[in-house]
Structures are given as structure tokens and as C-alpha cells.
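What follows is a set of notes on a single structure, which appears directly below.
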Amino acid sequence: MTSGSLRRSLSAVFAVALCVAVGVVTALPQTSQAEQDKMASRFGFRQVPVNSVPANARFVRQVEPGLVGIQSWISAVGAAVALTDLRGLGRPADLCLVDPRDDSVTVKPVPEAGGEQYPAFPLRPDGLRYDSTMAPMGCVPADINEDGATDIIVYYWGRSPVLFLNQAKAGTRPSAAVFRATELVEPMAVWNTTALNVGDLDGDGHLDIVVGNYFPDGAKVLDPRAAGDERMRMQDGMGDAGNAGPSRVFLSRPSGVAGAKPELTDVSADIPAEGLRGWVLAIGLQDLTGDGLPSVYLANDFGPDVLLVNKSRPGRVSFTVAKGTRDMVTPKSEVLGRDSFKGMGVTFTYPTGSGLPDIAVSNITDDFALQESNMLFVPDGTVDDLRAGVAPYDEQSQRQGVARSGWSWDIKAGDFDNSGVDELTQATGFVLGHRDRWALLQELAMGNAELLKYPGSWPNFGPGDDLSGARDANKFWVDGPDSRYVDLAAKLGMAQAAPSRGFALGDVNGDGLLDMVVANQWADSTLLLNTATGAPPAADLALLQPGAAGVDRPAIGAQVEVPAVPGIAAQKTQLYPANGHAGASGAEAHLALPRSGSVTATVTWHDAAGSHRAPVVLSPGHHRIVLRPNGEVVTR
């Protein structure tokens, strides 16, 4: 062997050895089955059906003629769920369910949640323009006119959202007759909305509305008669799409008259351009700067997510865009605000019980298909960075074990075993069929990006085709050894019969444990009733503040902090029930307590008088906590 040959052979051996060494170093640690069984013993769930196949059910939508070839793709969203308290039971024992099989929006009691029962009823926009080219995509309970009665906002493809204003008097049983359909915008516009959230954006003490749209305005996606519509466009890029219908923000000013529509002012022109044209699938609100004003996280499909830091004042919204910084070892797609991934859902959690939250974002990660990454943004800076336009976050999904989960949608954080530490739940799956079409999707992704916006350039995705439908399963991430999450969904029997879209969390039966309703696409939806045994007690707080009509309404945006006690980690949570995609949780703060009983927490809230901070003693059970403008806290 020549010296040159020897050097080449040694180089090859060295290269192989280096690859093996790197592989060993970077290999993900594994959690033993025994350890997983021990972790799973803290949890338990029983599945309870919440609906059944409706009469004349369908399993694919009618679409604009140019979209017929990708009919199943277009038909992949629409299942949604929300929890609320319409009967005054002191717990979220009522639900609003969107079923795409008949495009119904149904309000009904949560099964096995107790209380006086009432017949399920539909929410239909009677008296407003509505036809078969429109379909509901979700519902958000909120007392938008501040009269003490919970209203429901329903958003759609094919039309702008509708306010169903609750006209009920005290003690009235819920029924369709007490909800009056009112247009959000007049005249009605053709929007295609996939997310909607509420919070006091300008700090005037009133709830405002954030609307996230998908397809371009005016595009009649579900109209089989709309042939040749030039407005009908798909995304204009796989990683930088910016041709969606614009997001919108409405400031509200309730009149104080019970049952009346509040004055709504469209201030969307004040949103930074980067926050306007993304293909929004989820909206997250969270006070990141400590001034009582929620910043806005827009999770965008096919392009960078946008974090809008709130600098508003009463009557005038003002946002600045915050982006993460990139170092030598971080891919651009893992930098907050610079990513090219698919933002599908968003939630916030405080693992240390203080400071800035972790931000968990769903994405697509499927073996032998598309390996992008869920994102877990962990804070590595300060509030001052945010104010300066820098998102102080490091992406750690791989390090903490949640990078891969399938084709994922809604994601929620909640403490299901009353340990003081949140678990993460994640809805997964796209199109369920028997013919795997991932190769066609990959071919599309590698094609000419200039053609992507034209539906005719897409491969066919129709009935019977499968894209991450048969193999994906919902996730239940539990904080495990070495600060890594472990998925225990299979061990806990949480499998669903079809792809899921939205989650709603809340203690529906009042036993002190968080339950979860799962909205499934083209299939029955399910209540996961928490059956855990041996968990510490919990306090569920209905945080309230006086509304414009002089009665109490949910104090959306209020924050509760609980110090660490023996056996329970420190906790921090903010009340934004509609965060995420297609799921709105009950308007209660769920907090673990020591087995010895009560603990003193700190509650922070903002109203027209400014920001307030006060102590509150928490004890087990469901409580009404009224937050007064003078800074007083009253427990009922």
C-alpha cells in the first residue's frame, strides 16, 4: 500500500470514527419503560363521547372548482371545541362544539359534568346572510359586551365572524332563543378565519378581538360555483408565504346596556406589516412585559411566526415586532420570528413558576415524510430585550424531547396531576385515508415556489388519500428525567379514532382535576375525564372584574403566582382561555395546593384604573375571586 493510499484509508477510518462519536454524543437519552410506568401512574383518563355521527353526515367539503383536485386538503380543518359556564355552576360544564360533518355549532352540557340538564341546541346566524359556501371553524366564549352573560363568538370560512350575544336573564336555562346573532363587521365580509382570541389589548379595561385569517379576503373557498375566481390563491411560498387575508384587531367599548353589541373599532392599520399577511393558524396572548398588556403571538403556516410586543395605550394600539437572534449553531428556522416552519398551535407555560414563559409551538414532524420541528422557545434574556425588539428565547425542543410529534395542531399546557408543573397536550394528524400521498407532497415542496400559489400546480389530494392521518397519535408530554418531556399518551389510553384539531381544558365535574375535550376532524369528539388518584388538591379560580353594566365578568388577562411549598412547585399562570388553534379552555385558573390546605398567592390584573397586585388566600375547590378597580380582592 502506498503512503497516499494509507493516508486516504486512515482519513476514511477517522471520518467514520468521528461520525460514530458525534452520533453517540448527540443520541437522545431514553427513558426506561419502568420509569415511564412510574410517571404514568400519576395520571388516568376515561374517554366519554360528546357527540355522534349526525344525520346526512359528509366527510369532504364542496370547494371552488379550481380546488377540486385538493379537496381533501381543503377539507382538513373545521373541528373545534370550547368550554364555558352558561349555567352558573362555578365550573366549565358547558361546551360549544363545531362538527364539520354537518357544519354545526352546538351548545350542550358536558357529559357527566352534573348540574341541571338542558337540551343541546345549535347556534345559527339567523337573520344574517348565511349559505352553503360558509362553514364554522371555531367558537370563543367571552362576555364581549360585559353584561355578566357569556356570549359566544363564532368564526367561519366564507364570511366574517358572528357575535352571538347572550340575552338571558339570571336563572334562564341556556337555549338558542337567548343568543342573538350580530355581525362583527357591517356589512358582512368574505373572510376565511382560522383563529380568534380576546384580551384587553389597549389597557382600557375592555376586551378586544384579534382575528387571524387564512385564504385571501374575498376568496370563496367553499363555493362550487365560483369558477375562475382570481382571488383564490394558495400560499405563495413554502417558507415565507405572505399573501393571506390580513389579520385584524378590533377595540371594543361596551355600552353598558345588557344584551347590546359593543362599539367595535377596526385598528388593524396599526398592526406592523409583518403581522398582517401571514397564514394564521393560531393566536397566543400573554403579558410578557409585566405592564398588564398582552403581547400577541401569531403562529403562521408556511412562514415566519410573528411576536408583537404590546406598547398600546387606551384607544390606540401599538406593537413592535420582536425577533430572536441567531448564533453559529442555530438554524434560521429555529429562531423566533425568522422561522420557515408551520406554526399550527401555540401555548405558554412557566416551568419555574416565575419570569418569562416557555412558548411551545406545534409544527409538522413525521418520519419518512417531513422533518421540521415543533418549537419550544425557552427564555434566555430579559423583558428589556423584548422592549428593544429582541425575542430573548432559545429553541430547545430537541434538547427537551418535544421536537417530533407528527402533523400537529392545537397545543395546550395544563397541570393534570396537581404537581404544580404543566404537562403539554398536542393534537395531531392531517388527512385520514388508505393511500399514503407523502411522496406527492414532498414533490410539491421541492417544486418551483412561484407555482405554489396556483391550485392547478398541486398534486391531487382527494378522498381516500392519507397524509399523516393513519399513523399520527395525540401527544401527552410529561416532564421527566433530565428535564426532558416523555410522551405517555399511549400508556394512558388517550388514542383517538381520527385526526384531532382542538383541545379545551377545564375541571368540568368539580373534582379538582383538569379534564380535556378533544375535537376530532370528521369523527366523533371525546371528553377525556381525569381519573387520577392520589393527586394533591387544587384551587380553580373564576377570576372576575366589574364590567360596563356593573356586573362581574371574567378577568381575562389576570395573572396568579403561587410560591413553592413542600411537594408542589412554584406556579404562574395567566388567564387567556382562547390561546391556540381551534380550542378554548374554561375561564378558570387551575392551581395545585399543598395537602395541608391553603396557600397565599399573588394575583395581578389590569383595568381602566391601571395595574393592581394583591395577595389572595387559596383553598381547595372552585372559587369566585372578584378583582376590584381599587385593588381590593374579594373571595366568594
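The values are calculated or read from the model by the stated rules, or taken from the named source; none is laboratory data. None of these values were measured; they are calculated from a predicted model. Here the Cβ is made from the backbone with ideal geometry for all residues, glycine too, and neighbour counts use every protein chain on show. What goes into the accessible areas is simple: the full protein's heavy atoms, side chains included, and nothing from ligands, DNA or RNA. Shrake-Rupley method; radii C 1.70, N 1.55, O 1.52, S 1.80 Å.
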Margin query: From the phi angles alone, apply the Karplus equation (6.51, -1.76, 1.60; θ = phi - 60°) to segment 344-350 and give each ³J(HN,Hα) in whole Hz, x where the residue is Gly or Pro.
Written below: 10, x, 8, 8, 10, 8, 10
Item checked: Out-of-range pairs (alpha-carbon distance over 24 Å; input K412/K572; K261/K572; K332/K572) -> K261/K572; K332/K572
Notebook entry, point to check: FRET efficiency for A176 and A614, Cβ-Cβ distance as r, R0 = 25 Å, nearest 0.05?
Noted result: 0.05
Note to self: What translational diffusion coefficient, to the nearest whole µm²/s, does the chain have by Stokes-Einstein, given a Kirkwood radius computed over alpha-carbon pairs, a temperature of 20 °C and 1.002 mPa s viscosity?
What the structure shows: 86 µm²/s
Margin query: Please report the equivalent ellipsoid semi-axes of segment 544-626, computed as sqrt(5 x eigenvalue) of the Cα gyration tensor, largest first, in whole Å.
Written below: 23, 16, 12
Notebook entry, point to check: Net charge near P246, counting Lys/Arg +1 and Asp/Glu -1 over other residues with Cβ under 9 Å of its Cβ?
Noted result: +1
Next item on the list: Give the share of C-alpha pairs in each 5 angstrom bin for segment 313-385, from 0 to the last occupied bin, in whole percents, shortest bins first.
Entry: 3, 13, 20, 21, 19, 14, 6, 3, 1, 0, 0
Next item on the list: Could you run the Karplus curve 6.51 cos²θ - 1.76 cosθ + 1.60 with θ = phi - 60° over segment 285-293 and give me ³J(HN,Hα) per residue in whole Hz, x for Gly and Pro?
Entry: 10, 6, 6, 9, 9, x, 9, x, 9
Check: Over the alpha carbons of segment 365-468, what is the largest minus smallest coordinate on each principal axis, giving the biggest first in Å?
Finding: 47, 38, 20
Next item on the list: Name the residue farthest towards the positive end of the dipole of segment 418-472 from the options P455, G433, L467, assuming +1 on Cβ of Lys and Arg, -1 on Cβ of Asp and Glu, about the Cα centre.
Entry: P455
Margin query: Given a Förster distance of 30 Å, report the FRET efficiency between S41 and D524 from their Cβ-Cβ distance, rounded to the nearest 0.05.
Written below: 0.55
Next item on the list: With a length cut of 30 Å (Cα positions projected on each helix's long axis) and a Kyte-Doolittle mean of at least 1.0, go through the chain and give me the DSSP H helices that pass.
Entry: 3-26
Check: In whole Å, what three semi-axes, largest first, describe the equivalent ellipsoid of segment 498-558 built from its Cα gyration tensor (square root of 5 times each eigenvalue)?
Finding: 28, 20, 8
Next item on the list: Could you work out how far the C-alpha centroid of segment 326-405 sits from that of segment 460-477, in angstrom?
Entry: 24 Å
Next item on the list: Report, in deg cm²/dmol and to the nearest 500, the calculated mean residue ellipticity at 222 nm for the chain, where each DSSP H run with n ≥ 4 adds -39500 (n - 2.57) and the sum is divided by the residue count.
Entry: -2000 deg cm²/dmol
Check: Hey, what's the Cα Rg ratio for segment 382-424 versus the globular rule of thumb, 2.2 N^0.38 Å?
Finding: 1.57
Check: Which percent of the accessible heavy-atom area of the chain goes to carbon and sulfur, probe 1.4 angstrom?
Finding: 54 percent
Notebook entry, point to check: How much net charge surrounds K453 when only the other residues with a Cβ under 9 Å from the Cβ of K453 are counted, with Lys and Arg +1 and Asp and Glu -1?
Noted result: -1
Check: In whole Å, what three semi-axes, largest first, describe the equivalent ellipsoid of segment 134-202 built from its Cα gyration tensor (square root of 5 times each eigenvalue)?
Finding: 22, 14, 10
Notebook entry, point to check: How many nm is it between the label spots at A388 and A227, if each spot is 7 Å from the Cα in line with the beta carbon?
Noted result: 6.0 nm
Margin query: Over all directions, the average projected area of the alpha-carbon convex hull for segment 163-210 comes to how many nm²?
Written below: 5.1 nm²
Margin query: Just the number: Rg to Rh for segment 118-274, Cα atoms, Kirkwood Rh, two decimals.
Written below: 1.00
Checklist line | Inter-probe distance in nm under a simple model that places probes 7 Å from Cα toward Cβ, at D217 and V53 | finding: 4.2 nm
Item checked: Projected area averaged over orientations for segment 267-340, convex hull of C-alpha atoms, nm² -> 5.3 nm²
Checklist line | In nm, spacing of pseudo-spin labels at H434 and E186 (7 Å Cα→C-beta vector) | finding: 5.3 nm
Checklist line | Förster-model FRET efficiency, 41 Å R0, D327 and A269, C-beta, rounded to 0.05 | finding: 0.70
Check: Taking the Cα centre of the chain as the origin, how large is its charge dipole in debye, to the nearest 20, when only Lys and Arg (+1) and Asp and Glu (-1) carry charge on their Cβ atoms?
Finding: 440 debye
Notebook entry, point to check: Along the charge dipole of segment 264-403, Cβ charges K/R +1 and D/E -1, which of S318, T382, A299 sits furthest on the positive end?
Noted result: S318
Notebook entry, point to check: Normalised by the number of residues in the chain, what is the relative contact order in percent for Cα pairs under 8 Å and 6+ residues apart?
Noted result: 16 percent
Checklist line | Heavy-atom accessible area order for H590, H581, H622, largest first, 1.4 Å probe | finding: H622, H590, H581
Margin query: Could you compute the net charge surrounding T194? Neighbours are other residues with a C-beta less than 11 Å from the C-beta of T194; K and R count +1, D and E count -1.
Written below: 0
Check: Dipole of segment 504-583, Cα-centred, from +1 at each Lys and Arg C-beta and -1 at each Asp and Glu C-beta, to the nearest 20 debye?
Finding: 220 debye
Next item on the list: Calculate the radius of gyration of the Cα atoms of segment 408-562 to one decimal place, then report Dmax, the largest Cα-Cα distance, as a whole number, both in Å.
Entry: 20.5, 59
Check: Which of G414, Q571, M446 sits farthest toward the positive end of the charge dipole of the chain, with +1 on the Cβ of Lys and Arg and -1 on the Cβ of Asp and Glu?
Finding: M446
Margin query: Students often forget the sequence filter, so: which aspartates and glutamates lie under 15 Å Cα-Cα from K169 once same-chain residues fewer than 8 apart are removed?
Written below: D85, D143, E146, D147, D151, D552
Item checked: Solvent-accessible area per residue, Å², over the chain with all protein chains present [probe radius 1.4 Å] -> 37 Å²
